[in-house]
1. If you place +1 on the Cβ of every Lys and Arg and -1 on the Cβ of every Asp and Glu, how big does the dipole about the Cα centre of the stretch 246-365 come out, in debye to the nearest 20?
2. Could you give the nm distance between label points at V239 and N156, where each point is 7 Å from its Cα heading toward the beta carbon?
3. Test of understanding: what is the full-extension gain from D306 to Y202, defined as 0.36 nm times their sequence separation minus their Cα-Cα distance?
4. In Å², and per residue, what accessible area does the chain have when probed at 1.4 Å with the other protein chains present?
5. Counting each pair of different Cα atoms once, what's the Kirkwood radius of the stretch 8-138 in Å, rounded to one decimal?
6. Among all helices in the chain defined by DSSP H, which have a length of 30 Å or more along the axis from Cα atoms plus a Kyte-Doolittle mean of at least 1.6?
7. Which semi-axis lengths, in whole Å and largest first, follow from the square roots of five times the eigenvalues of the Cα gyration tensor of the chain?
8. What does the convex hull of the alpha-carbon atoms of the stretch 78-196 project to on average, in nm²?
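The values are calculated or read from the model by the stated rules, or taken from the named source; none is laboratory data. Bear in mind that the values here come from a model prediction, so they are computed numbers and not experimental data. As a convention, Cβ positions derive from the backbone with ideal geometry for all residues, glycine included, and neighbour counts pool all protein chains shown. The protein model used for the area step is the full one, side chains on, heavy atoms only, and it has no ligands, DNA or RNA in it. Shrake-Rupley method; radii C 1.70, N 1.55, O 1.52, S 1.80 Å.
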Amino acid sequence: KYAKKLHGSSTRRQEKSTAPHRPRVIFSGIQPTGIPHLGNYFGALANWVKLQREADPSDELIFSVVGWHALTLPQDPKALQTARMDMIALILAVGIDPKRSIVFHQDHVQNHTELAWILSCSTPVGRLRRMTTWKSRLAVSRNANDESEIDDSLLNAGLLTYPVLQAADILAYRATHVPVGDDQQQHLELCRDIADTFNRAYKQPSTLFPLPHHMYTPTRRVLSLKDTSAKMSKSAVDVNSRVVLTDTAAQIKAKIRGATTDSIQGITYDPVNRPGTSNLLLLLAACTDEDVDEVAKRYANKNHGDLKADVSQAIEEAFKGPRSEFERLRGETEYLLRIAEQGAAKAQERSDATMKEVRKRIGLA
Ligand code: ATP
């Protein structure tokens, strides 16, 4: 119901096409690194639900909990185990239907790591070093601003190579569309390049990998509530920088009340000069499925207190359904294990077909 409320009107906006539908393979993943926040929800998860509702029956939808990616940062094994299960419950709680979409743990399907290895053997290290995620890890590790001074001897190799694993996640299913936030744009470009390199090297009998397209939502980047130069993140140390799906109404209210804004009178949507205020407007627009400029117009003569009160209420409306569904589902351990197992079996079958072809083409059949 809440997903319909959020995105119900978008069907009307869809353009009618007379061209025959070409089945899409839609793939996306989320790390089991904590409870999803507003950015994960509006940048990715809500879009998965919308796609599931609007997809053609011939489209395939594949959603993965990407546990191997989580290992790029230190993880407590017990907490990781819980987070993996919770993430399956959360994906279902937001409205993903395991009868329609494949939901599985990445680490249950070994094809991902095998393909990642094969692809890493044709990916230049220089290309990986240019990833902004790698550069920011380097900068943090040395607390350095001048890139010429930083050295990578203490960082793990997984941090450098995980974009190749991400490419393998996508290409193992020959995915055509990838609904993710804009923090993943550079990784998806790399994935397209990796696919293109493979396609050119192993042309026969026909191109193996489609070049996947990025699917954005209007809320492609939600900012941290505390540091508006950063995106909202599950792993950020300050828990007040994010509103997560399990936050109570009171917690949501407190976090939004404490969100960084500015001291300019009135409310305007100006992401460059007023990032905090614009972030709140964007969140309200996402919750009510409205255009952000329309929302901004309504608040032109109001103040930050009014805006924050309404944003908190709208988030509570959007999150209360998934929150209670998650609380119900997380106790259903056997059901969750079964869903993950069935999802892995389907993912295995789909990716086996790709791997058979990859092995044959590279001479490792
Ligand atoms: P972590 O902080 O542990 O790296 P994360 O919050 O970045 O986690 P991921 O699990 O890496 O989240 O990403 C899951 C999905 O959520 C991806 O599609 C990603 O693009 C999207 N996403 C993450 N953060 C944001 C954000 N702040 N705004 C919009 N989309 C986001």
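1. Numbers: 19 positive and 20 negative charges, 100 e Å.
Value, rounded to 20: 480 debye.
2. The two pseudo-label positions are separated by 2.4 nm.
3. Values: separation 104, 0.36 × 104 = 37.44 nm, distance 5.91 nm.
Full-extension gain reported as 31.5 nm.
4. Numbers: 18120 Å² over 365 residues.
On a per-residue basis, 50 Å².
5. Values: mean 1/r = 0.0587 Å⁻¹.
In the stretch 8-138 this quantity evaluates to 17.0 Å.
6. Details: long enough: 304-329 (37 Å, -0.82); 333-362 (41 Å, -0.88).
What comes out of the filter, once short or polar helices are dropped, is none.
7. Working: eigenvalues 231, 124, 87 Å².
The three semi-axes for the chain are 34, 25, 21 Å.
8. Values: hull surface 37.4 nm².
Reported value for the Cα convex hull: 9.3 nm².
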